[in-house]
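Engineer: Sharing a structure below in structure tokens format, with a few things to ask.
The values are calculated or read from the model by the stated rules, or taken from the named source; none is laboratory data. Note that the coordinates shown come from a computational prediction; the quantities given were computed from them, not determined experimentally. Cβ placement follows ideal geometry from the backbone for every residue including glycine, while neighbour counts extend to all protein chains displayed. For the accessible areas, the whole protein counts, side chains as well, though only heavy atoms, and no ligand, DNA or RNA atoms are used. Shrake-Rupley method; radii C 1.70, N 1.55, O 1.52, S 1.80 Å.
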Amino acid sequence: MLDVIRGAAILLVLVFHLRVATGVEAIDLLIRPVIDVGWVGVDLFFVLSGLLIGGIVLDQIDSPGGFSRTRFFGRRALRLWPVLYLYLGTMLVIGGAEAWGMVLPVTLHVQNYAVDIPSHLWSLAVEEHFYLLLAFGLPWVWRRGGPQLLGAALIVPIVGCLLLRLAALDRGVLPVEVQWQTPYRIDALAAGVLLALTERYRPTVFLALQAKRGLCLAGAAIGFAWLATHTDLRLRYGLGLTVAWIAAALVIVALRGHRISHGAAPARLLMWLGAISYPAYVWHVSLGRLADAIAEPLIDVPLALTAWRYTMVLGGAAAITACVERPFMRLRWPEARRDLTQEISPATP
């Protein structure tokens, strides 16, 4: 089920950036709200990432060997860097000297504070900063108060980010800075860790929420619908980001552990998308532009151009997954291989 959620998240991101056009005005108007709210895919990724990565840290803390930061960061590097640095290298080959300006910020994971950076890479920096906080902060808090203190500590960024966003927007901070910069965005990741903590140490609470699966999904649908109809940037990047991660969390709680028929074509498609989600996230903007550059002189049918664009992006992502991502993931510590398909990275608008 996690691959299905991951697949839904990357699909939302793709339709937000790559768009979908059929050439039929009535259909295009009907699907426009889904496209416009596709940016929530990043919040779905953030909450899911917090749940899974936070769960890994909690598992290690509870294990006889304890938590190893060397192992944690080594696994993260092998998971994230090969695909990312292949992308950077390719951009340097294509862009030449003009592309050098993005290399250092992305290499240092501060691209969410830089300019002239491919805009979709900002969420990678937010996750890397959160990993640092998680690796150094979670064990420290745990030693001093266990799950009770950790749960209380996680409330701080969950509430604090919303207050910071509202205050920043009120002071005139640009919405894009509130969207990208770390202090405003780690609430969704912290919420995912709180879900992992609840699942392990308050299982009755987690199961009680899951028992209301229909209510959770209905609440998520209402949240996403509200976001689709409120396009003001100050509202979206203030209260809207909180609504987005709450709706995402409701989806994850409702579907976590839920068995679905793998024979269903939509489920198989979403699982496949989930398996290639990280390369698709990193590469989709550039592959989409390449597809348009190739096709636009030849294709003037909107639906055909859309199909070609997605074929190019997904085909490229699948190739990078097979040739780069998976081989490097197999190099990780043996105990990490059992959750090879359980870890994610963000995809973002």
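Conditions (1) open to solvent by 30 Å² or more (accessible area, probe 1.4 Å); (2) assigned to a helix (DSSP H, G or I); (3) without any contact (Cβ under 8 Å) to a residue 60 or more places away in the chain; (4) farther than 14 Å from Tyr131 by Cβ, marked per residue:
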{"site": "Ile61", "(1), (2), (3), (4)": "yes, yes, no, yes"}
{"site": "Pro64", "(1), (2), (3), (4)": "yes, no, yes, yes"}
{"site": "Phe72", "(1), (2), (3), (4)": "no, yes, no, no"}
{"site": "Arg79", "(1), (2), (3), (4)": "no, yes, no, no"}
{"site": "Ile94", "(1), (2), (3), (4)": "yes, yes, yes, yes"}
{"site": "Trp100", "(1), (2), (3), (4)": "yes, yes, yes, yes"}
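Engineer: Let me ask something else. Hey, can you tell me all the residues within the range 225-240 that are open to solvent by less than 70 Å² (accessible area, probe 1.4 Å) and modelled with pLDDT of 90 or more?
Structural biologist: Those that are open to solvent by less than 70 Å² (accessible area, probe 1.4 Å) and modelled with pLDDT of 90 or more: Ala225, Leu227, Ala228, Leu235, Arg236, Tyr237, Gly238, Gly240.
Engineer: Checking the condition part of a helix (DSSP H, G or I) and either open to solvent by 60 Å² or more (accessible area, probe 1.4 Å) or at positive phi (or both), which residue from Gly146, Gly137 passes?
Structural biologist: Only one candidate qualifies: Gly146.
Engineer: Among Ser123, Ser119, which is the only one that is small (Gly, Ala, Ser) and open to solvent by less than 20 Å² (accessible area, probe 1.4 Å)?
Structural biologist: Ser123 is the lone residue from the list that is small (Gly, Ala, Ser) and open to solvent by less than 20 Å² (accessible area, probe 1.4 Å).
Engineer: Looking at the range 169-189, which of its residues are basic (Lys, Arg) and either open to solvent by 30 Å² or more (accessible area, probe 1.4 Å) or in a helix (DSSP H, G or I) (or both)?
Structural biologist: Listed by number, the list holds a single entry, Arg171.
Engineer: Next question, about the same structure. Going by the structure shown, is Leu11 under 16 Å from the mean Cα position of the chain (by Cα), of a type in the set (A, V, I, L, M, F, W, C) and more than 30 Å from Gln148 (Cα to Cα)?
Structural biologist: Judged against the criteria, Leu11 is a match.
Engineer: Still on this structure: Could you check the range 321-336 and list, in sequence order, the residues that are of a type outside the set (Ser, Thr, Tyr) and either part of a helix (DSSP H, G or I) or free of Cβ contacts under 8 Å to residues at least 60 places away in the same chain (or both)?
Structural biologist: Ala322, Cys323, Val324, Glu325, Arg326, Pro327, Phe328, Met329, Arg330, Pro334, Glu335, Ala336
Engineer: Same structure again: Is there a residue in the range 35-56 that is open to solvent by 50 Å² or more (accessible area, probe 1.4 Å) and not in a helix (DSSP H, G or I)?
Structural biologist: no
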